[in-house]
Amino acid sequence: MDFTHTEERQMVVDTLARYIQNEYNLSDRNDAAASPQGFSDVHWNNLAELGMFGVFFTEEQGGFGGSAFDVAAVFQELGRGLVVEPLLDCVLRSGHVLAAAGDFERLAKVITGASRYVVAQAHTTGDRVTAKQSEAGWILNGTAPMVKFAAGADTIVLSAQSGADAAQASFFLIDPTANGVAITHHDTFDGGSASDIHFADLAISSDALLGSAHHADTIVRTAENWACLAICAEALGIMEAIKETTLDYLRTRTQFGTVIGRFQALQHRMAQVLLEIEQARSAVINAAAAVNKSETDCDKALSAAKYSIGRIGTLVAEEAIQLHGGIGMTWEYEMGHFAKRLVMIDHEMGNADHHLARYMQFDLV
Amino acid sequence: MDTTFSPEDEDFRALVRDFVENNLPPEYARIVAEGGYLNKEQLLDWHAILRRQGWLAYNWPVEFGGTGWGPVKTHIFDEEMARADAPKVLAFNFKMLAPVLMKFGSQEQCDYYLPRMIDGTDWWCQGYSEPGAGSDLASIRTTAVRDGDDYIVNGQKTWTTLGQYANMIFCLVRTSNEGKPQAGISFLLIDLATPGIEMRPIRTIDGGYEINEVFFTNVRVPASNLVGAENEGWTYAKYLLTYERTGIAMVGASKKKLTRLKDLFAEKSRSLSVHEKALLAARIARVEIDLANMDTTNMRVLASVAGGGAPGAESSMLKILGSEIHQELDSLIRRVVGRDAQALRSGEQAPAGATNAAGVYFNNRKLSIYGGSNEIQKNIISKMILGL
Ligand SMILES: Cc1cc2nc3c(=O)[nH]c(=O)nc-3n(C[C@H](O)[C@H](O)[C@H](O)COP(=O)(O)OP(=O)(O)OC[C@H]3O[C@@H](n4cnc5c(N)ncnc54)[C@H](O)[C@@H]3O)c2cc1C
């Protein structure tokens, strides 16, 4: 048993923490987050230059990390800094799809930050995209809804249903500006963007197929597991930041002639927040440890983690706002932006109920 | 024990329902349904519609131009209004300052200010909180110093809801530093057009604009604007707060929200797995049960207040229950909307299912903070009801 990071991993985390501390301020973050693209190209390039993108991949894949704990450690730090740049959507998830499809050339460009791919998963959801084989290639029809950060991507990696059922899915590389692709971008509540991507008789050549046909389903699921681990770790980092800010506030805000942290009612609330965050931390560790285990173990641990951080994240956000009083309700006060992202994380990749239900199905119901 | 409404009450309910159906502009109902707020012009228009029916000052006694309704009729009215997504009347005018003036104000103040609340001349806002005085309201530092026939006011108020629409503010000001902090507070009415007042907007967490900070620099206020006696303001302030809190029970609004939640659930839950659907349904069932229980708790408290008026420490109970239930409803609506709740409603093209669910949820975190935070309500219950 050892719950400490390796030396290399700690160095990466420290580098990232220093960058955020020195270069990443929240008001610029909020401006970039409210822009059409939803994040800053400058920070994107800097983070790539710092080597942060390579941390998510093994040496064979062209990176210099690739363990689940590497991924978790980096995302936890990104969460602490409320970094809006889409390392999750445009590097980790799409990179793992490219890696699994054996496209290391493209992956290399992802790792350097030169290319941005975003995965639009549309072969299982209610709003499906279907791919019909034609003489020249494929014809795509349907909608991929609420694809995060598609506004900042130069290529869409679409998983579409290419056969009789959802299990028969293939990846296609799509130029978002192509005729036949219509995109509606939405600003999102926590900053950033999400897009509905519509395909209307989009004809693409066979070259656009990524990897071999009909093999997307398992790859999507593996990539989704990485993304799920990452978002849980991000949430943990956000919770830590919120806890520190709230503690500071309890120690300094004076009412009734004393700092409010002296009120036992509030002490107990904060103690509960601490307990819950430690539980969330353990959930993330469990998830990271399970990523390379059997499919069932992995799915269970990830659902356990996403359920835990969904439940605990909402609690932490609500308690933090409450314990701050009026100031916690303002845009000006930084904590609120952390709270918003934390709650919105429960709206991505399945919420607490979704994952609890999935967990139940393994051996309970 | 009889938990039913009398036939007369039911007739009254039908009357109100019929009125709202025929008179509430659909545009206003839409704004309220989406969790938004009417602008000044719209709310004043709605006030005028109610005024013509004689229902604007519906919680006032007849002698002041109100309806004289008892608690049951008032409750039915609130419930029907909420059911139709009618905007709420301006609480600062009708439910906060007016009762204080009626009880503690001079005849001249009542004669002058009450009609102006009804005819739309005055829009009041509440100047209680200060940066250093929130829960500990008695520690306010804004001072009013007597100078001839005037007071000179200096200091700052904050969190002033809808101050941007207001022309008048009722303030707690410090007129003495002698004795306990509560003992040196006075209740002063201030015209916002007086020189030396500056109002600045505060943006809320959801990006909206409904609160302000107000700065007072050597502001001259006629001494005749003092309500009641100098240094007695704390009594009036507390009296007002019990009224404010009862409104925060929000039974009608929560019932309406529950209906909306269930409609949304029926529409959106089709795509959920059977177990996920059951988990969500259980959450909805729980809050529905809480609300039904609270409805009766609310009626019990109202029934115990003979001849109208405001309940005492029991209002703290209603405030806690009411705000928590309402917040849970918002939380569930956000959940049911699901992935689409991420999209900003104000964005260029919001997705079809977007309802500003996240914005409303975050905005309504205020319910457990203002009107005396829920922690403060629990302190009051501990002291006043439990005797601890
Ligand atoms: C949206 C909004 C609108 C508002 N509108 C108005 C308005 O129009 N006019 C106006 O005057 N005010 C208004 N307020 C102010 C509101 O009444 C105060 O925010 C509230 O009283 C809390 O004060 P505070 O914000 O200073 O928090 P604080 O008093 O600093 O409280 C911080 C935290 O400490 C807790 N706490 C404090 N004391 C104790 C204690 N003794 N025991 C246990 N816990 C304690 C509180 O519950 C809270 O959780 C508004 C506030 C909001 C958020």
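The values are calculated or read from the model by the stated rules, or taken from the named source; none is laboratory data. Nothing here was measured: the structure is a model prediction, and the numbers come from that model. Quick reminder, even Gly has a Cβ in these numbers, built from the backbone with ideal geometry, and neighbours come from all protein chains shown. Protein only, heavy atoms only, side chains kept; ligands, DNA and RNA dropped before computing areas. Shrake-Rupley method; radii C 1.70, N 1.55, O 1.52, S 1.80 Å.
Quick rundown of the values:
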| quantity | calculated |
| --- | --- |
| For the pair A and B, total buried accessible area rounded to nearest 100 Å², probe 1.4 Å | 4000 |
| Directionally averaged projected area (convex hull, Cα atoms, the range A:30-94), nm² | 4.4 |
| Nonlocal amide H pairs with A:Met146, under 5 Å, H built at 1.01 Å | A:Ser195, A:Asp196, A:Ile197 |
| Inter-part distance where the range A:221-249 and the range B:192-210 are each reduced to a Cα centre, Å | 34 |
| HN-Hα J in Hz across the range A:194-208 - Karplus 6.51, -1.76, 1.60, θ = phi - 60°, x for Gly and Pro | 9, 9, 8, 10, 9, 10, 10, 6, 6, 9, 10, 7, 4, 4, 6 |
| Semi-axes of the equivalent ellipsoid for chain A, Cα gyration tensor, largest first, Å | 37, 21, 20 |
| Residues of the range B:201-264: accessible area per residue with a 1.4 Å probe, Å² | 39 |
| Full-stretch length increase - A:Ser282, A:Thr15 - with 0.36 nm per residue and alpha-carbon distance subtracted | 93.7 nm |
| Span per principal axis, largest first, for the Cα atoms of the range A:237-284 (Å) | 41, 18, 7 |
| Full-extension gain in nm, B:Ser176 to B:Asp111, via 0.36 nm per residue minus C-alpha separation | 20.5 nm |
| Descending principal axes extents, chain B, alpha-carbon based, whole Å | 73, 49, 48 |
| Ratio of Rg to Rh over the range A:1-135 (Cα coordinates, Kirkwood Rh, two decimals) | 1.02 |
| Whole-number Å³ per residue for the convex hull built on Cα positions in the protein assembly as shown | 183 |
| Cα-Cα P(r), the range B:248-384, percent of pairs per 10 Å interval | 12, 35, 31, 16, 6, 0 |
| Student exercise, the range B:122-232 dipole from Lys, Arg, Asp, Glu Cβ charges, in Debye to nearest 20 | 220 |
| Prolate/oblate/rounded call for the range B:135-219, Cα gyration tensor, a/c under 1.5 rounded | oblate |
| Computed FRET value (nearest 0.05) for A:Phe64 with B:Asn23, which takes r as the C-beta separation and R₀ as 60 Å | 0.30 |
| Share of pairwise Cα separations in the range A:118-214, more than 15 Å, in percent | 55 |
| Accessible area of chain A divided out per residue, in Å², using a probe of 1.4 angstrom | 40 |
| Net dipole in debye of the range A:7-115 [+1 Lys, Arg Cβ; -1 Asp, Glu Cβ; about Cα centre; nearest 20] | 220 |
| Chain B, relative contact order [Cα under 8 Å, separation at least 6], % | 13 |
| Highest-MSF residue in chain A out of A:Gly79, A:Gly325, A:Gly66 [GNM, Cα springs under 10 Å] | A:Gly325 |
| Förster radius 56 Å - calculated FRET efficiency between B:Thr217 and B:Leu388 (Cβ-Cβ, nearest 0.05) | 0.80 |
| The range B:72-120 and the range A:43-117: distance between their alpha carbon centers, rounded to Å | 59 |
| Given charges at beta-carbon only (K, R positive; D, E negative), |dipole| of chain A in Debye | 800 |
| Neighbourhood net charge (15 Å Cβ-Cβ; Lys/Arg +1, Asp/Glu -1) for A:Ala208 | -4 |
